[in-house]
Amino acid sequence: MQVCQQARPHSVLLKETNLVLFFFFSSLFFLSFFIFMMHLVDLNQECLLHLFSFLDKDSRRNLSLTCVRLREAFLDPRLWSLLHFSSPSELRRDNFVLGSSLRHLNICWHSSRVKVCNIEDWMKTSFQRDLCSKHERLVSHFLERVCHMCPNLLSLTLSGCGHITDHDVISMLRSCRRLQQLCLENCCRVTDAVLQAVVTHGISLLEVRVDFCRNITQTGLQGVRLRRPGVRLSAERSAGMIPDSQPEEKLHIRRALQKVLIFS
């Protein structure tokens, strides 16, 4: 009985000690955070931009919501010289700023849904059309904003953007006259019209890549090499892939094969 009576006050004392230590360290943490924030907002704009540059888009936005001073740093166009998006849905978010300081833009979508986007429209099922309708214009609308707000863009990378058209890329070439690098990968709707625009409007281009773009032909590539020999041109698999065709063409081919099988 005496052992139990002695053990109980000891356990109560231990709990009280832990509780006091918890409140002490919690208060110390919040005090340190408050002091840190005081010193942080006292920094000049250049230092704040340098600190923000180490954070991703979401972290920048969350930090900017803490006070007006950090919000001003978040909205400074100089912070946003590079933008990278890993899916079209990220283009809807408000965790970035478009401006004249943007130099490098990457939209790279590596997902199984890209295979659905790359199916020719007339071959898609109703389910596949409904799936694509939720995002098919996202990249195009975003590129329209870039054309109007980011004239100093130097490099553009679009990968897995199966719904962008020649018009989208040509508009970028016309608006961003300083563009030096254009990389298109697995963009199934891009055709030789983009290569013609490279010759006509891409006055500053130094490198062009059109990899795995099935509607790019050898004729279009040869035209760029002849008229713009100073441009580094890469087209992995593009000219050797089966291009899109109209339903009538598919039907004629099928009937021809049936005749061959019948008379053989």
Notebook entry, point to check: What whole-number value in Å² describes the accessible area per residue of segment 36-78 for a 1.4 Å probe?
Noted result: 63 Å²
Check: Carbon and sulfur together cover what percent of the accessible area of segment 123-217 at a 1.4 Å probe radius?
Finding: 53 percent
Notebook entry, point to check: For segment 36-78, with the dipole built from +1 on Lys and Arg beta-carbon atoms and -1 on Asp and Glu ones, taken about the Cα centre, which of Leu40, Ser53, Phe74 lies farthest toward the positive end?
Noted result: Phe74
Check: What residues of segment 121-146 lie in the reach of a label at Met241, counting those whose backbone N is under 15 Å from a point 7 Å from the Cα along Cα→Cβ?
Finding: 121
Notebook entry, point to check: What nm value, rounded to one decimal, do you get for the distance between His84 and Asp211 when each label is placed 7 Å out toward the C-beta?
Noted result: 1.5 nm
Notebook entry, point to check: Which whole-Hz couplings ³J(HN,Hα) result when phi for each residue of segment 136-149 is put into the Karplus expression 6.51 cos²θ - 1.76 cosθ + 1.60, θ = phi - 60°, listed in order with x for Gly and Pro?
Noted result: 5, 9, 4, 5, 4, 5, 5, 5, 4, 5, 5, 4, 8, 10
Item checked: Residue among Leu226, Cys188, Val208 farthest towards the positive dipole end of segment 145-240, charges placed on Cβ -> Leu226
Next item on the list: Calculate, in nm to one decimal, what Ile203 and Ser140 gain on full extension: separation in residues at 0.36 nm each, minus their alpha carbon distance.
Entry: 20.4 nm
Next item on the list: Treat each spin label as a single point 7 Å out from the Cα along the C-beta direction, and report the Leu226 to Val114 distance in nm.
Entry: 3.3 nm
Item checked: Protein accessible area in segment 36-78, 1.4 Å probe - carbon and sulfur % -> 62 percent
Next item on the list: Give a residue-ordered list of calculated ³J(HN,Hα) values for segment 69-79 (Karplus: 6.51 cos²θ - 1.76 cosθ + 1.60, θ = phi - 60°; whole Hz; x for Gly, Pro).
Entry: 4, 6, 5, 5, 5, 5, 7, 5, x, 5, 6
Check: Hey, what did segment 126-199 get for relative contact order, percent, Cα under 8 Å, at least 6 apart?
Finding: 34 percent
Item checked: Accessible solvent surface per residue of segment 80-244, calculated while the other protein chains remain in place, 1.4 angstrom probe, Å² -> 48 Å²
Check: How far apart, in nm, are the 7 Å Cα→Cβ label points at Ser101 and Arg71?
Finding: 1.8 nm
Item checked: Förster-model FRET efficiency, 35 Å R0, Met149 and His39, C-beta, rounded to 0.05 -> 0.55
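The values are calculated or read from the model by the stated rules, or taken from the named source; none is laboratory data. Everything numeric in this text was worked out from a predicted model, so none of it was measured. Using ideal geometry, Cβ is built from the backbone for each residue, glycine included, and neighbour counts are taken over all protein chains shown. All accessible areas refer to the heavy atoms of the entire protein, side chains included, with ligands and DNA or RNA removed. Shrake-Rupley method; radii C 1.70, N 1.55, O 1.52, S 1.80 Å.
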